[in-house]
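See below for the structure under consideration.
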Amino acid sequence: MTISQASSEVSLKRRVLGAGMWSIAGYGCNLCIRFGGNLVMTRLLLPEMYGVMAVASIVLAGLAMFSDFGLKTNVIQSRRGDDPAYLNTIWVTQIVRGGILYAAALAISLLLLLLGRFGALPEHSVYADPSIPPVIAVLSITMVIAGFESTKLLQASRDIALARLTLIEVGSQLGGLVTMLAWAVMDRSIWALVAGAIVAAATRTILSYAVLAGVANRLQWDRAAFREIVSVGKWIFLSSVSFFFAGNGDRMLLGTLIDAKLLGTYAIAYLFFSSVEQILTRIIVDVSFPALGEVHRTSPERLKHAYYRFHTLIAACTYLVAGTLATSGHSLIAVLYDPRYLQAGRTLEILSVALLTLPFRVATQSFLLFGAARLYFWFNQARTVALFVAVPVGFQLGGYPGALWGIVISYFANLPLIMLHSARFGLFDLRRELLGLPALAVGLAIGSLFNQLAALMH
């Protein structure tokens, strides 16, 4: 190894360590804000409101993913990632996309309104709730606001500069929380949740210009840049469409099978599950992917070693939390929430089993380094097919708990494909894959201990 290579490795390690610390600290703050606000809001609002909000959020997430060309991935991997013309083309693309998504959301809200008026929706499903159309229409304003975000956010991700990104995330969360609480004090309705989401989006956009260094965006169009964006993004688009059904199909399907109140308790359990999923996925996407990308560009022979350093850390954290939640979810919900939400406890215990699949996302991100973005599509397809088969079958065989196990099964459906391609790219080592397993036993023990402490408290 040359002196310059050694210096580059030290610099990368320092940036990765700093980024990882900021990512964890920032998401820890976000979790405190999120859960603190949730604990207060669930005492002010009804479970049905969370069920309606869950469905409205899925509609907007679907629109976003159906138009996702991987702009962040483009900036991270492109050699033109710091070129003003390239970044301005992305900014213009964002703005146009935001306007189109807003119009599409309004059309969907109108369609649901008409279907509801003519009795074309299942009577006891969440989709038949009369508040869904106006909630979708107003909430879709966030898509226009997000379209104007500065590309400085993308540049900061490329450079693994997460300190100010974290401050922006925390600031936007605080803005949304204060708005929700202030609104709920005056009016205990679902509009408190909607207002909070809009203010959070506006705060994030404003701060993206105010606190980050980088290219100052202006209206500019570069055809070559757009062709590159589309070339890289076409498979990301297809995989995003598939990921929407894989990642949101659970609530889509449950919305047709159960009422708004039960879906509201599912939303509470999913909040815990997704928080763990998101913090670890964020580390994978914002820290491991840019870092592995730099290793792949500068010292490709060291990629497998660097890959398993991230994989082992993610696996240990995941298995520890999964074990803890699998044994103590019911106690955790009972301690934190009032009796209306107790169903969320058992739901959380079942969902936590799906967390065991998270370490494999380090592999799926790494496949992008080999130009294999198309694999994302097939991985998500496998999970989506499994979800839309297993959930209805599970519900028929075992009711609501059976549907939950169908959701869990879907998370494991694509693992054989991921392991096969990991071996193909020289990234699979069975011995190293199992290094994090002892953390699962520790998590199970922690969960059992928590149950005992919770019983003493009651």
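For Asn217, which of the numbered conditions (1) buried (at least 19 other Cβ atoms within 10 Å of the Cβ); (2) at pLDDT below 85; (3) closer than 22 Å to Leu87 by Cα fails to hold?
(2)
From the list Thr364, Thr357, Thr384, exactly one residue is modelled with pLDDT under 80, among the β-branched types (Val, Ile, Thr) and either within 19 Å of the chain's Cα centre (by Cα) or crowded, with 19+ Cβ neighbours inside 10 Å (or both). Which is it? So that I can check it myself, show each step before the final result.
Working: Thr357 fails: modelled with pLDDT under 80; Thr384 fails: modelled with pLDDT under 80.
Matching residue, one of Thr364, Thr357, Thr384: Thr364.
I need a count of the residues in segment 125-146 that are at pLDDT 90 or above and in a helix (DSSP H, G or I). Steps first, please.
Initial filter on segment 125-146 (at pLDDT 90 or above): 133-146.
When the remaining residues are screened for being in a helix (DSSP H, G or I), the result is 133-139, 141-146.
The total comes to 13.
Determine, yes or no, whether Ser410 is among the small types (Gly, Ala, Ser), out of contact with any Phe, Trp or Tyr (no Cβ under 6 Å at 6 or more places or on another chain) and assigned to a helix (DSSP H, G or I).
Details: among the small types (Gly, Ala, Ser): yes; out of contact with any Phe, Trp or Tyr (no Cβ under 6 Å at 6 or more places or on another chain): yes; assigned to a helix (DSSP H, G or I): yes.
So Ser410 fits the description; yes.
Suppose we filter segment 425-436 for residues that are exposed (fewer than 13 other Cβ atoms within 10 Å of the Cβ) and either in a helix (DSSP H, G or I) or in contact (Cβ under 8 Å) with a residue 24 or more places away in the chain (or both); how many remain?
First pass over segment 425-436, keeping only residues exposed (fewer than 13 other Cβ atoms within 10 Å of the Cβ): 426, 430-431, 434.
Still in the running and either in a helix (DSSP H, G or I) or in contact (Cβ under 8 Å) with a residue 24 or more places away in the chain (or both): 426, 430-431.
Qualifying residue count, segment 425-436: 3.
Got a sec? Which of Leu417, Leu434, Leu440 is among the hydrophobic types (A, V, I, L, M, F, W, C) and over 25 Å from Thr324 (Cβ atoms)? First the steps, then the outcome.
Numbers: Leu434 fails: over 25 Å from Thr324 (Cβ atoms); Leu440 fails: over 25 Å from Thr324 (Cβ atoms).
Exactly one of Leu417, Leu434, Leu440 is among the hydrophobic types (A, V, I, L, M, F, W, C) and over 25 Å from Thr324 (Cβ atoms), namely Leu417.
Is at least one residue of segment 187-209 over 24 Å from Leu139 (Cα atoms), at pLDDT 85 or above and either in a loop (DSSP other than H, G, I, E, B) or not acidic (Asp, Glu) (or both)?
Residues of segment 187-209 that are over 24 Å from Leu139 (Cα atoms), as a first pass: none.
Within segment 187-209, none of the residues are over 24 Å from Leu139 (Cα atoms), at pLDDT 85 or above and either in a loop (DSSP other than H, G, I, E, B) or not acidic (Asp, Glu) (or both).
Being in a helix (DSSP H, G or I) and touching a Lys or Arg at 6+ places or on another chain (Cβ under 7 Å) is the requirement here; does Leu154 meet it? So that I can check it myself, show each step before the final result.
Numbers: in a helix (DSSP H, G or I): yes; touching a Lys or Arg at 6+ places or on another chain (Cβ under 7 Å): yes.
Answer is yes for this residue.
If you take the residues in segment 105-118 that are part of a helix (DSSP H, G or I) and more than 14 Å from Val135 (Cα to Cα), which one is farthest from the chain's Cα centre (by Cα)?
In the first step, residues of segment 105-118 are kept if they are part of a helix (DSSP H, G or I); the result is 105-117.
Filter once more, so that each one left must be more than 14 Å from Val135 (Cα to Cα): 114-117.
Values: Leu114: 31, Leu115: 30, Gly116: 30, Arg117: 34 Å.
The residue in question is Arg117.
Within segment 9-27, does at least one residue satisfy the condition of being among the aromatic types (Phe, Trp, Tyr), in a helix (DSSP H, G or I), farther than 30 Å from Glu301 by Cβ and at pLDDT below 70?
Going residue by residue through segment 9-27, those that are among the aromatic types (Phe, Trp, Tyr) are 22, 27.
Next, only the ones that are in a helix (DSSP H, G or I) stay: 22, 27.
Okay, now just the ones that are also farther than 30 Å from Glu301 by Cβ, so 27.
With the extra rule that they be at pLDDT below 70, the set shrinks to 27.
Yes, some residue in segment 9-27 is among the aromatic types (Phe, Trp, Tyr), in a helix (DSSP H, G or I), farther than 30 Å from Glu301 by Cβ and at pLDDT below 70.
Quick check: is even one residue across segment 55-67 under 23 Å from the mean Cα position of the chain (by Cα) and at pLDDT 90 or above?
Within segment 55-67, the subset under 23 Å from the mean Cα position of the chain (by Cα) is 55-67.
So of that shortlist, the ones also at pLDDT 90 or above come out as none.
Looking for residues that are under 23 Å from the mean Cα position of the chain (by Cα) and at pLDDT 90 or above, one finds none in segment 55-67, hence no.
Taking Asp250, is it crowded, with 20+ Cβ neighbours inside 10 Å, modelled with pLDDT under 80, touching a helix residue (DSSP H, G or I) at 6+ places or on another chain (Cβ under 7 Å) and assigned to a helix (DSSP H, G or I)? Reasoning before the result, please.
On the way: crowded, with 20+ Cβ neighbours inside 10 Å: yes; modelled with pLDDT under 80: no; touching a helix residue (DSSP H, G or I) at 6+ places or on another chain (Cβ under 7 Å): yes; assigned to a helix (DSSP H, G or I): yes.
No: the conditions fail for Asp250.
The values are calculated or read from the model by the stated rules, or taken from the named source; none is laboratory data. Every value quoted in this text rests on a predicted model; they were computed, and no experiment measured them. In this analysis, Cβ positions are derived from the backbone assuming ideal geometry, glycine residues included, and neighbour counts consider all displayed protein chains.
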